[in-house]
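The values are calculated or read from the model by the stated rules, or taken from the named source; none is laboratory data. Since this is a predicted model, take the numbers as computed values, not measurements. Positions of Cβ are backbone-derived with ideal geometry, glycine not excepted, and every protein chain shown enters the neighbour counts.
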């Protein structure tokens, strides 16, 4: 026994709807027959009954059917938006319909039939063209902000017979099908990829690839929770949309910047031990011929003059070249106190926006430090809130730290304008927030804390960079 027959509410709706429709049809036929026989009183009564039953059908049956159809339509991931040209076309159909009924002109009826057929063909063609399609997106493993990044969009037409025309593919960060609505309450996120590619034609049982270049202006995580397919084929009267679920994300690293010469010397000031291996240390290892990727500062001009060839110096590697980079991800009280103090000192700029810019510069500076010293051969450790990367110099270690810097977000970003009263909350001390700062390794501390608030035991073993200096 089918499951829908076990639903008593459905059976009741089916019986009542059948009786109403049968009664309306029977009353209409009775009115027509009575009119032919000349019994106008019966015809009038039957017409009124048919009209009443028709109104009952409109009130009881049609809304329930429309609700079920709308639910099934939304669950199918499809949406239909009528464009301005479509509304003009519908208005023209209405005018032709009124004229044909008023005049009874057969030519107008033929024109009306052609217009209705055009509208039906437009809807069916767009519906068929956007069905049975799958989308995939390929991108590099490592992406940096402000770098041109190659992306590859692939659309697979799984239909056996029918091609698809004029398809636009867009990536969306929203997880539900509300993105299909033309007017969405929440605007698109800054971390949305948006439109990706346009495919003029996609044959049946074929794949089409589009290679594009996208530059990500901001570091962060760009979620890809779905794709939307759009088409206005064939006449542009309607825009058909389809939502294709996906699950992924594009991680964009902060772009490292060049550092001042001062930071090149920081690790060299702290007791490195030399080894017998080549590296980026301070003691001479040997002299060899210049290579295109060598820095000019390592050129040995005396050896160059003797050999008549450009020669460079090589140095020994320092085995204990270790550096800790600590980014102070502050707590609620730090944010509130900064917002309050910024409001008092600068009334023209919003504290949240100013601090957000400083926070982004701090993240970029941390990425620049770890990239520079890793290139110099040092072992780097990144401290950031509860995250501790440990020491390492491999590429996997580099990208793991950059990924954490890409994911870090500004605390209380949603509560941008903190109240001055919140500044009275006692802040957690820096050693409590980052206990690893008490260790002996040399470190660079990037912090929003006020000047003079860094404990002496940390100050002696660290170079402190304040957000205000960035």
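Only one residue in 108, 112, 151, 116 is closer than 21 Å to residue 166 by Cα and either in contact (Cβ under 8 Å) with a residue 12 or more places away in the chain or surrounded by 12 or more Cβ atoms within 10 Å (Cβ to Cβ) (or both). Which one?
One residue alone meets the criteria, 151.
Among the numbered conditions (1) part of a loop (DSSP other than H, G, I, E, B); (2) in contact (Cβ under 8 Å) with a residue 24 or more places away in the chain, tell me where residue 383 comes up short.
Here residue 383 meets the rest and fails (1).
Against the conditions (1) in a helix (DSSP H, G or I); (2) at pLDDT 85 or above, where does residue 169 fall short? Just the number, please.
(1)
Scan region 358-391 for residues that are in contact with a strand residue (DSSP E or B) (Cβ under 7 Å, 6 or more places away or on another chain) and at positive phi and report the count.
2
What single numbered condition from (1) assigned to a helix (DSSP H, G or I); (2) modelled with pLDDT of 80 or more fails to hold for residue 74?
Only one criterion is unmet by residue 74, namely (2).
Exactly one of (1) modelled with pLDDT under 65; (2) in a loop (DSSP other than H, G, I, E, B) is unmet by residue 329. Its number?
Against the list (1) modelled with pLDDT under 65; (2) in a loop (DSSP other than H, G, I, E, B), residue 329 comes up short only on (1).
Determine, yes or no, whether residue 355 is buried (at least 16 other Cβ atoms within 10 Å of the Cβ), touching a helix residue (DSSP H, G or I) at 6+ places or on another chain (Cβ under 8 Å), at negative phi and modelled with pLDDT under 85.
Yes.
In region 181-291, which strands (runs of 3 or more DSSP E) lie fully inside it and hold 3 or more residues that are loosely packed, with under 14 Cβ neighbours inside 10 Å and either modelled with pLDDT under 90 or on the phi < 0 side of the Ramachandran plot (or both)?
194-202, 206-215, 238-253, 274-289
Being in contact with a helix residue (DSSP H, G or I) (Cβ under 8 Å, 6 or more places away or on another chain), under 24 Å from residue 258 (Cα atoms) and exposed (fewer than 15 other Cβ atoms within 10 Å of the Cβ) is the filter here; which residues of region 449-469 pass it?
Residue satisfying the conditions is 468 alone.
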